[in-house]
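Asks: Let me begin by handing over the structure; questions about it come next.
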Amino acid sequence: MDNISGMEQKKEISSQARVEIIDFGPIKITGNFVLKDMKRDKEESVKEVLLCRCGNSANKPFCDDSHKK
Amino acid sequence: MDKNEKQYSGGKKYKNDDITVYWKPSACVHASYCYRELIEVFDPSRRPWVDMNGSTTEKIIEVVNLCPTEALAWKWNDDEKNKSVGADQCNHIKFRRPELMDITDPVNEEQPVSVKVMIDGPIVLKGYFTLDYSGNTKVVKDNIISICRCGASDHQPFCDGRHRKVGFNG
């Protein structure tokens, strides 16, 4: 089942950011985006970020390479 | 048609005295949390399938918050409460699909992608972006996806609501 309705198999046209799900690793986001952390009430505009997907990072929401352990 | 069940931007609304629940069928991925947790309210075999008198407001909010997509969302009927009470919750419509509250207002293509790290929940991405996963490259256009952050989803890399079950704190 496709969980991502509304997607199309096309290369970047008006894409503002690239979101890369790294296998067995974090999610990498680059480009034009705003990161809002609802729990820690922080908002930032950066060019690149690596966010934890394994749930084990000690520095959430960011990846700290805990997934490799 | 039930008087509480009104068409809005391709979806439906259901009300009780406290809240309105928004239902957007095209967004449903059948994660099934709604009817597994609260069949008294969310019964797919009944028409209308949502019965807002089937449980308490608190319980309905809890179950709508389990929905991993924007298919179910909710807001207070009292707009003052929408500004604060429950506004941090994942399926509070103010954060999930503000454009569903009245008329459709698509995100401008030039807008930065919104990346929201939900409280003890997924990463919710909204806007125009390119998604690479498991060797696929797809362009997401004015849509929302939720990426699992707890590591427990059975539908990786997407959120399936499991963070609640595992008590994810992050």
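Asks: From other protein chains only, count the Cβ atoms within 10 Å of every residue's Cβ in A:35-44, then give the mean. Walk me through the numbers on the way to the answer.
Replies: On the way: counts 7, 7, 6, 12, 8, 2, 2, 1, 1, 1.
Mean shielding by partner chains, rounded to a whole number: 5.
Asks: So for B:92, B:163, B:155, fewest C-beta neighbours within 10 Å to most, what's the order? Kindly include the intermediate steps, with their values, before the conclusion.
Replies: Working: B:92 21, B:163 25, B:155 15.
Lowest count first: B:155, B:92, B:163.
Asks: Let me ask something else. Note the full-extension length gain between residue B:134 and residue B:35 as 0.36 nm times their separation in residues minus their Cα-Cα distance, in nm to one decimal. Walk me through the numbers on the way to the answer.
Replies: Details: separation 99, 0.36 × 99 = 35.64 nm, distance 3.08 nm.
Stretched fully, the residue B:134-residue B:35 segment lengthens by 32.6 nm.
Asks: For residue B:119, what charge total do you get from the other residues with a beta carbon under 12 Å from its beta carbon, if Lys and Arg give +1 and Asp and Glu give -1? It would help to have the intermediate numbers written out before the result.
Replies: Values: positive: A:36, A:39, A:40, A:60, B:116, B:149, B:164; negative: A:37, A:41, B:88, B:120.
Within the 12 Å Cβ shell, the charges total +3.
Asks: If you count, for every residue in B:131-140, the Cβ atoms of partner chains within 10 Å of its Cβ, what is the mean? Each step should come with its number before you reach the end.
Replies: On the way: counts 9, 6, 7, 2, 1, 4, 6, 9, 10, 8.
Whole-number average of other-chain Cβ neighbours for B:131-140 is 6.
Asks: Hey, with R₀ at 25 Å, roughly what FRET efficiency would residue A:40 and residue B:57 work out to, going by the Cβ-Cβ distance, to 0.05? Display every interim value, and only then the final one.
Replies: Values: r = 28 Å, r/R0 = 1.13.
About 0.30, to the nearest 0.05.
Asks: Now, a different point. For residue B:142, what residues show an amide H to amide H distance below 5 Å, using hydrogens built from the backbone and excluding near sequence neighbours?
Replies: B:127, B:128, B:129
Here, each number is a calculation from the coordinates, and none is a lab measurement. Keep in mind that what you see is a predicted model, and the values were worked out from it rather than measured. Here the Cβ is made from the backbone with ideal geometry for all residues, glycine too, and neighbour counts use every protein chain on show.
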